[in-house]
Structures are given as structure tokens and as C-alpha cells.
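Notes follow once the structure below has been shown.
The values are calculated or read from the model by the stated rules, or taken from the named source; none is laboratory data. Bear in mind that the values here come from a model prediction, so they are computed numbers and not experimental data. FYI the Cβ positions are ideal-geometry reconstructions off the backbone, even for glycines, and counts take in every protein chain you see. Ligands, DNA and RNA are excluded from the accessible area calculation, which covers all protein heavy atoms including side chains. Shrake-Rupley method; radii C 1.70, N 1.55, O 1.52, S 1.80 Å.
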Amino acid sequence: MRFKKGFAVALCFGLLACSDNVPSGDPQSGLKRDMRGYKASPGVLVAEDGTPHWIQSAVTGYKETTLDTDLPAKVVMQQPTAFCRFRKPNLGEYIGNVHVGTGNMHAPIYTWSKTKIRERAQKLAENAQKPADDPRKIRVDTMVLSAKDDSFPVVDVVVTETEKPVYLILQNEFGKILWNIHLAPGARISHVVALGVGDIAFANLDPDVPVEMAGARTLRSCGVQPWRKMQDHWLFARNAKENPSLHEEPVAKNKAAYRKYDSWFKSAFGIRSEQNLAGVERSTHVLVGPIPENLDDRIPFRPLGGSLVIMTPVENIAVAGKSGYEDKAMAQIRPLVDKALERDSTANSNSGS
């Protein structure tokens with residue numbers, strides 16, 4: 001299979017649904033500035049040098065992951081790494097360095113904590129005490145839920161490097177994340193390290209591949225969290241340049257956090273944290289390796305539907321459509337609301353007697 005670093009361009013003369021055709025136009029148009037980088041639209045694949053491509057340049061059968069996506073076949077839990085020690089890359093391995101803020105697509109896998117259940121129940125109990133004509137009153141109970149907050153953001157990781165075994169380092173800065181792996185024929189992932197501050201999950205990753213997952217607790221023991229070096233295209237950097245006196249302290253903190261993370265990363269993995277890096281602030285798809293030279297050499301896209309998902313343990317989970325998620329979450333919330341209202345009613349009766 002032959003690859004090159006350039007951008008394979010093809011025009012789609014058929015219907016828009018012809019997902020195997022590479023769209024016309026500049027994929028740079030799918031990157032919008034955000035406070036800490038770019039927000040990538042679905043369909044924009046970011047390479048290790050930061051170059052955007054259409055994902056159809058690398059895969060066939062692409063389908064955007066949404067909350068209406070088909071469900072995975074199985075979800076298994078795996079304990080995260082307990083200590084701040086990771087297997088270092090070997091000299092013969094290709095380091096796939098991926099860093100995102102979060103994903104810009106969402107999967108129909110929902111997780112939430114017991115604390116979140118109690119907070120939402122309290123909100124509904126307080127809502128029940130409001131007068132019917134109160135404009136702030138919640139009219140539909142499920143409005144206390146948040147499918148976007150509870151569902152997993154998704155980033156597709158397209159691996160085309162075939163000359164060496166790939167050591168993947170996957171980093172995210174905000175909340176939970178699901179990494180969906182797409183492997184080219186002949187490519188081999190030798191090891192995966194995932195660094196994040198929330199729940200971590202993988203889809204379509206060979207279960208025999210060694211995985212080290214470091215969540216918030218482990219990273220606290222490391223004394224770091226994933227951090228990017230400030231870039232000129234960040235809106236934060238632009239604001240700091242326009243109003244330096246107002247941003248002096250935040251800029252200093254950002255630079256200090258980056259230097260600390262970069263130093264730790266170099267010690268842990270042998271490379272700088274920004275070296276050969278793929279990913280933007282809000283990513284959809286990232287590329288580890290070169291873009292295929294010929295469209296016939298593209299790799300099959302592996303959807304979430306029917307896949308095996310491996311994730312860190314969670315307190316509550318719903319692998320379902322939106323209505324199934326709402327039913328399960330509300331089944332936990334409503335009994336707490338009833339108890340709270342019963343306590344209030346008893347307290348009011350006692351105070352009035």
C-alpha cells in the first residue's frame with residue numbers, strides 16, 4: 001500500500017450521500033476558531049502536521065457518529081492505571097501523539113454520577129414547589145437531563161502508519177471521551193496510553209492491545225493534566241494580545257501549565273508534548289500516519305454500531321437511544337424527588353400543628 005503526505009483531491013459529481021467521494025472545496029473551511037484552538041466540523045480530518053483533510057481522503061464508508069448512531073454490541077469495563085508510571089515507547093515504535101480538548105461528535109453511550117442524580121432530583125423537587133404560573137418552572141421533567149453532557153464525545157483515530165508498530169498516546173483536556181480506532185491493513189498498534197480528566201472509552205480497538213488509561217485521579221498523582229502550548233490562532237491568544245493587562249495572569253498560568261506538562265511528558269514518553277501532534281481543540285477525526293496516495297488504498301471506516309467498547313468503570317450507564325437514556329435516568333431521579341417532597345410535606349405539617 002502506498003501513501004504520501006499530500007492531500008488527495010477528488011470531486012463528488014453524484015449525490016451528497018456518496019460518502020466515498022472526496023468533497024470539493026478546502027477542508028480548512030471546516031476549522032473554526034475557538035478559545036483554545038480550532039473547532040473541527042464532522043468530516044474534517046486533522047493530520048500530525050496540523051493540515052486538515054476531508055476524511056474521505058483516508059477512509060471509505062464514512063458515516064458521522066451521532067446520538068442516533070447504531071449501538072455498540074458490547075461494553076466492558078477496564079480498571080484505569082493506578083500509578084503514574086507508563087511503559088515508554090521503544091526505539092522501533094512510531095509514536096502517534098494525539099491531543100484534543102474534546103470531541104465534536106456524540107455517541108449514544110451515556111454515563112452519569114450519583115451526585116448528578118441527586119442534583120437533578122433536588123432541582124425537580126424545588127421546581128415542584130414553584131407556582132404554576134412561574135415562568136421559571138420546568139414544564140417537562142426530562143429537561144433536567146442533558147444528553148450532550150451525559151453522552152460520550154467521540155474522536156475518530158485513523159491509523160495509516162504501516163512501516164512501524166504504533167505506540168498511541170491519546171490525550172483530552174475536558175470531560176469524558178470515546179476514541180474510535182480505524183486501522184489500515186498492515187498497521188499494528190503495539191501499545192496505547194490514554195490521558196484524560198473524565199471517563200475514557202475505546203471502540204474498535206483490538207482487546208489484545210495493551211492499554212494504560214490514566215484518568216483524573218492518576219493524573220493528580222502525576223501532578224499534571226493534558227495541556228497545549230498557546231498558539232497565535234487561539235481566540236484566547238488574540239484577546240490577550242488586544243488587552244495584555246487584563247490577560248497577564250491567565251497567560252502566565254497557561255504558559256506555566258504547559259511547561260509543566262511538557263516537561264513531564266518528555267520524561268514519561270521521551271518526546272515533547274507538541275511533537276508530531278495531531279488534533280485540535282474540538283476534534284472530529286485525527287490522522288496518525290500519511291494520507292493514502294491513491295483513493296483505492298483508503299481504509300474501511302469502522303462505525304460504532306456493533307463494536308466492542310472498552311471503558312473505565314462508571315457509576316451509571318445507558319447504551320441506548322435518547323428515550324432509553326431518559327427512561328433509565330428518570331427512573332433513578334423520580335424516587336428521590338418523591339422522597340424529598342414527602343419530607344417537605346411532613347415538615348410543613350409538623351410546623352403547622
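At most 13 other Cβ atoms within 10 Å plus a DSSP loop assignment makes a site exposed; report the longest stretch of the chain without any exposed GluC sites (Glu not before Pro). Longest stretch, sites excluded: 1-162. If the Kirkwood radius is taken over C-alpha pairs of the range 145-200, then at 20 °C and 1.002 mPa s the Stokes-Einstein diffusion coefficient equals 171 µm²/s. Around the amide H of residue 107, modelled in the peptide plane, lie the amide H atoms of 152, 154, all under 5 Å away and 5 or more residues distant in sequence or on another chain. Across the range 114-122, coupling constants 3J(HN,Hα) worked out from phi with the 6.51/-1.76/1.60 Karplus curve, θ = phi - 60°, read 5, 4, 5, 4, 5, 5, 6, 5, 4 Hz, and Gly and Pro carry x.
If I compute solvent accessible area with a 1.4 Å probe over the protein chains, what percent of it on the chain is carbon and sulfur? Reported share for carbon and sulfur atoms: 50 percent.
Between 61, 43, 103, the GNM of the chain built on Cα springs shorter than 10 angstrom shows 61 fluctuating the most.
Take every DSSP beta bridge whose two residues both sit in the chain; close to 30 percent of them are antiparallel. Distances between placed amide hydrogens fall under 5 Å for residue 39 paired with 32, 33, 34, 282, all partners being 5 or more residues away or on another chain. Only Lys, Arg, Asp and Glu carry charge here, each on its Cβ (+1 for the first two, -1 for the last two); on that basis the range 194-279 has a dipole of about 400 debye about its Cα centre. Over all pairs of different C-alpha atoms in the range 157-247, the reciprocal of the mean inverse distance, the Kirkwood hydrodynamic radius, equals 15.4 Å.
As a ratio to 2.2 N^0.38 Å, the alpha-carbon radius of gyration computed for the chain takes the value 1.12. So what's the gap between the Cα centers of the range 136-168 and the range 249-308, to the nearest angstrom? What the calculation gives is 16 Å, centre to centre. With 20 Å as the limit on Cα-Cα distance, the pairs of 116/176; 39/322; 39/164; 32/266; 74/328 that go past it are 39/322; 39/164; 32/266.
Spin-label model, residue 258/residue 136: points 7 Å from Cα along the beta carbon direction are separated by 4.1 nm. Comparing 250, 30, 127 along the charge dipole axis of the chain, the residue lying farthest to the positive side is 250, per the Cβ-charge model. Here the spin labels are modelled as points 7 Å beyond Cα on the Cα-Cβ line, and at residue 84 and residue 114 they lie 2.8 nm apart.
Here the sum of -39500 (n - 2.57) over DSSP H runs of 4 or more residues, divided by the residues of the chain, equals -8500 deg cm²/dmol at 222 nm, to the nearest 500. Using a Förster distance of 35 Å, how high is the FRET efficiency between residue 29 and residue 296, based on the Cβ-Cβ distance and rounded to 0.05? That gives a FRET efficiency of 0.85.
Two numbers describe the Cα atoms of the range 247-311: Rg and Dmax, which are 17.9, 52 Å.
For the chain, the longest principal axis of the Cα atoms and the long axis of helix 244-269 meet at an angle of about 60 degrees. For the chain, take the longest principal axis of its alpha carbons; what is the angle in degrees between that and the long axis of helix 322-352, to the nearest 10 within 0 to 90? On a 0 to 90 degree scale, this one is about 30. Spin-label model, residue 241 to residue 147: label points 7 Å out along the Cα-to-beta-carbon direction sit 4.0 nm apart.
Each residue of the range 208-217 was assigned a 3J(HN,Hα) from its phi angle through the Karplus curve 6.51 cos²θ - 1.76 cosθ + 1.60 (θ = phi - 60°); the sequence is 7, 6, x, 10, 10, 10, 10, x, 4, 5 Hz, with glycine and proline shown as x.
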